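Student: Have a look at this one.
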Amino acid sequence: MGKLAVLSLSFAALAVLIGERVITLRHLILYHRELSQNYLPNCHYVEGIECGAEDITILENGLAFLSTCVKHPDLPSYSDDPGKIYTLNLLDSKIKIKATNIKGDFDKDSFNPHGISLYTDDKDGAVYLFVVNHPQGKSQVEIFRFIEDENALQYIKTIKHELLHNVNDIVAVGTESFYATNDHYFTNGILKFVEPFLSLPWCDVVYYSPQTVQVVAGGFLLANGINISPDRRHLYVADILKHKIVVLEIQKNTVLSHVKEVDVGSLCDNIEVDRESGDLWLGCHPNGLKCVFHDPNDPPGSEVIRIENILSEKPRVTQLYSDDGSVIVASSVATQYGGKLLIGTVYQKALICDLKL
């Protein structure tokens with residue numbers, strides 16, 4: 001009888017623990033959140049994007065780079081083709097994408113691009129594109145040099161390291177150096193689920209250079225987007241399950257010190273930074289459960305949030321666009337240039353709208 005009582009109490013305690021974890025996880029993924037529509041004028045799809053533009057970034061001259069067709073084991077795929085990097089000239093009224101030609105000894109058939117970052121070398125003006133790549137589900141970083149007159153990417157090198165085990169996004173700070181986020185601690189699929197279920201804050205930021213590879217910040221529930229301030233003194237990291245943007249200051253030894261956190265009220269993914277104003281533009285998932293289950297009859301919505309004066313005592317957080325999934329599904333990135341807002345998604349389309357600021 002005593003053993004039965006102990007066993008019953010153990011099962012009861014386990015049930016209570018699981019119930020508490022389920023309630024917590026529902027809160028983290030904003031399970032009950034519904035959106036009201038908040039549209040922008042003159043929105044239309046970017047022709048040719050049908051399997052997502054998970055990350056987008058723009059050069060000073062208005063040339064946008066789009067990372068498309070990322071394959072994720074837990075999300076739908078709208079194409080069996082390898083991923084591609086497209087360019088889009090936002091100063092061209094035609095708004096037509098162009099596929100980049102990858103040159104060099106690079107395996108295009110297994111290309112699975114995720115987060116991207118551009119770096120312009122002050123010495124010679126050369127433009128480098130850093131791409132998080134997941135061939136066969138692995139994590140590595142590809143470095144290309146952009147050849148503008150050919151719209152081509154010259155393959156330079158692949159970077160692999162044990163600390164770069166679940167790379168989500170990247171921000172380049174040199175021709176071969178970068179900061180990157182790991183969105184999970186474990187690489188095993190089941191344990192990846194256990195992390196958020198138990199609210200384990202084990203995700204981190206890694207600094208890489210040919211001389212140094214080290215974890216420079218940790219304590220994230222699920223670290224996604226990362227970007228850098230125009231003065232290159234601060235990094236911004238999206239802790240998606242905390243519904244926050246974390247501000248970190250770059251020290252001389254490349255280690256990061258915590259400055260502050262800004263609540264955004266949504267599951268914000270990638271971060272783009274306006275090089276003139278310093279404003280942050282965020283592509284966000286308003287309801288994480290819908291994003292994971294992707295029911296076509298109840299699709300995940302999309303949200304674009306801007307943060308102004310993030311380093312001040314009172315940053316301004318504004319929702320600039322929202323949709324319940326009837327127009328665009330699972331927005332992951334947003335960026336603006338020349339009065340246009342470009343919105344990318346994890347696995348569906350891309351949208352371009354006029355801004356009303």
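Taken together, the values in this text are just the output of simple stated rules run on the coordinates, not laboratory data. These numbers come from a predicted model, not from an experiment. Cβ placement follows ideal geometry from the backbone for every residue including glycine, while neighbour counts extend to all protein chains displayed.
Student: Taking a threshold of 31 Å on the Cα-Cα distance, which of the pairs K123/K252; K138/K356; K103/K123 fall above it? Walk me through the numbers on the way to the answer.
Tutor: On the way: K123/K252 21 Å; K138/K356 41 Å; K103/K123 23 Å.
From K123/K252; K138/K356; K103/K123, over 31 Å: K138/K356.
Student: Next question, about the same structure. Report the charge-dipole magnitude of the chain in Debye, nearest 20, computed about the Cα centre from +1 at each Lys and Arg Cβ and -1 at each Asp and Glu Cβ. Intermediate values should be presented prior to the final figure.
Tutor: Details: 31 positive and 45 negative charges, 135 e Å.
Its charge dipole is roughly 640 debye.
Student: What are the extents of the Cα atoms of region 203-277 along their three principal axes, in Å, largest first?
Tutor: The principal-axis extents, from largest down, are 38, 30, 19 Å.
Student: State the cysteines of the chain left without a partner when partners are defined as other cysteines whose beta carbon lies under 4.7 Å away.
Tutor: C203, C291
Student: Ok, one more. Report relative contact order for region 115-186 in percent, whole number only (criteria: Cα-Cα under 8 Å, sequence separation at least 6).
Tutor: 28
Student: Show me the three semi-axes of the equivalent ellipsoid for region 11-129, from the C-alpha gyration tensor (sqrt of 5 times each eigenvalue), largest first, rounded to whole Å. Before the final figure, lay out each step's value.
Tutor: Working: eigenvalues 281, 88, 53 Å².
Semi-axes (√(5λ), whole Å): 37, 21, 16.
Student: I'd like the FRET efficiency for L163 and E34, computed as 1/(1 + (r/R0)^6) with the beta carbon distance as r and R0 of 45 Å, rounded to 0.05. Before the final figure, lay out the partial values.
Tutor: Working: r = 39 Å, r/R0 = 0.87.
Computed FRET efficiency for L163 and E34: 0.70.
Student: While we're here: Summing +1 for each Lys or Arg and -1 for each Asp or Glu, what net charge is found among the other residues whose Cβ lies under 11 Å from the Cβ of V127? Let's see the in-between values first.
Tutor: On the way: positive: R145; negative: E60, D121, D124, E148.
Within the 11 Å Cβ shell, the charges total -3.
Student: Relative contact order for region 206-357: what is it in percent, counting Cα pairs under 8 Å that are at least 6 residues apart? Can you show the working numbers first?
Tutor: On the way: 371 pairs, mean separation 21.9, N = 152.
Dividing the mean separation by the residue count of region 206-357 yields 14 percent.
Student: Quick one: check the C-alpha center-to-center distance for region 86-107 versus region 321-357, whole angstrom.
Tutor: Here the two parts' Cα centres lie 19 Å apart.
Student: Then there is this: Tell me, how many Å apart are the Cα centres for region 22-63 and for region 182-212?
Tutor: Distance between centres, Cα-based: 24 Å.
Student: Toward the positive end of the charge dipole of region 217-357, about the Cα centre and with charges on Cβ (Lys, Arg +1; Asp, Glu -1), which of C291, Y236, A330 goes farthest?
Tutor: Selected residue: Y236.
Student: If you don't mind, there's one more thing I want to ask. With the calculation restricted to Cα positions, what are the radius of gyration and Dmax of region 74-153 in angstrom?
Tutor: Rg then Dmax for region 74-153, in Å: 13.9, 43.
Student: In percent, what relative contact order does the chain have, based on Cα pairs under 8 Å that are 6 or more apart in sequence?
Tutor: Value for the chain: 17 percent.
Student: State, to one decimal in nm, how far the label point of T187 lies from the label point of K356, with both points 7 Å from Cα in the Cβ direction.
Tutor: Modelled inter-label distance: 5.0 nm.
Student: Another question, if that's okay. When the C-alpha atoms of region 46-98 are aligned to their principal axes, what extent does each axis show, in angstrom, from largest down?
Tutor: Computed over the Cα atoms, the extents are 36, 19, 14 Å.
Student: Would you calculate, for the chain, the mean residue ellipticity at 222 nm contributed by helices, counting each DSSP H stretch of 4 or more residues as -39,500 (n - 2.57) and dividing by all residues, to the nearest 500?
Tutor: Working: 3 runs with 42 residues, N = 357.
My calculation for the chain gives -4000 deg cm²/dmol from helical runs alone.
Student: Which residue, C69, C43, C291, tops the fluctuation ranking in a GNM of the chain built on C-alpha contacts under 10 Å?
Tutor: Sorting by GNM fluctuation, first place goes to C43.
Student: Roughly what angle does helix 2-28 make with the longest principal axis of the chain, taking Cα atoms, 0 to 90 degrees, to the nearest 10?
Tutor: Helix 2-28 sits at roughly 30 degrees to that axis.
Student: Once you've got the Cα coordinates, tell me which of K94/K349; K160/K242; K84/K290; K71/K192 are over 21 Å apart.
Tutor: Numbers: K94/K349 18 Å; K160/K242 29 Å; K84/K290 26 Å; K71/K192 17 Å.
Check vs 21 Å cut-off fails for K160/K242; K84/K290.
Student: Over all directions, the average projected area of the alpha-carbon convex hull for region 214-357 comes to how many nm²? Before the final figure, lay out each step's value.
Tutor: On the way: hull surface 35.6 nm².
If you wrap the Cα atoms of region 214-357 in a convex hull and average its projections, you get 8.9 nm².
Student: So what's region 120-210 giving for Rg/Rh, alpha carbon basis, Kirkwood Rh from the mean inverse pair distance?
Tutor: Numbers: Rg = 15.4 Å, Rh = 14.4 Å.
Rg/Rh for region 120-210 comes to 1.06.
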